[in-house]
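Comments concern the structure below.
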Amino acid sequence: MTILSYSQNSYPRKLILEGDTVIVISEPQLKKINEYLLRYEKLYLYNDSLISILNTQKTILDKRNALNELLNKRNSDLLIQNADLIKLKSTNNKLQEYYKKELKVKNRKKTIAFFGGLTIGIATTSTLILILM
């Protein structure tokens, strides 16, 4: 059904035609409604893209947080290992000092034994020489 008419009445108007309720609007009003619908569609698409971007950012942040937790645990483990290594180095240094002292004592004993044996040997040789003369 087509209605071609011109009226000075304000629009929108509510008409009842053949038992149906019809809303009649002017062409500028229709253009304005279409502009609003287009803006709404664009905003809806823009909103969807923002939601997608936010979801991507959340995923990235979640992965970064998980990586940070992993790195913090690894760092904690390394600190514990470093403390253990420092204790081990300290123990190693103490053992080295102990074995150096032990080696000095053994060397002194060897030196004393050598010179003691040499002295006894010289004394024995001198005594034999004196006896044989």
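Being closer than 30 Å to P12 by Cα, surrounded by 10 or more Cβ atoms within 10 Å (Cβ to Cβ) and not polar (S, T, N, Q) is a property that holds for K42. Only one entry of N107, N47 meets the criterion of being surrounded by 10 or more Cβ atoms within 10 Å (Cβ to Cβ), among the polar types (S, T, N, Q), under 40 Å from the mean Cα position of the chain (by Cα) and not in a strand (DSSP E or B), and that entry is N47. Just one of the listed residues (I33, I23) is of a type outside the set (K, R), within 30 Å of S10 (Cβ to Cβ) and not in a helix (DSSP H, G or I), namely I23.
The one condition from (1) in contact (Cβ under 8 Å) with a residue 12 or more places away in the chain; (2) exposed (fewer than 10 other Cβ atoms within 10 Å of the Cβ) that V24 does not meet is (2).
None of the figures in this text is laboratory data; all of them are computed from the coordinates on show. Please read these numbers as outputs of a predicted model, since none were measured by experiment. Because the Cβ atoms are built from the backbone with ideal geometry, glycine has one as well, and the counts that use them run over all protein chains shown.
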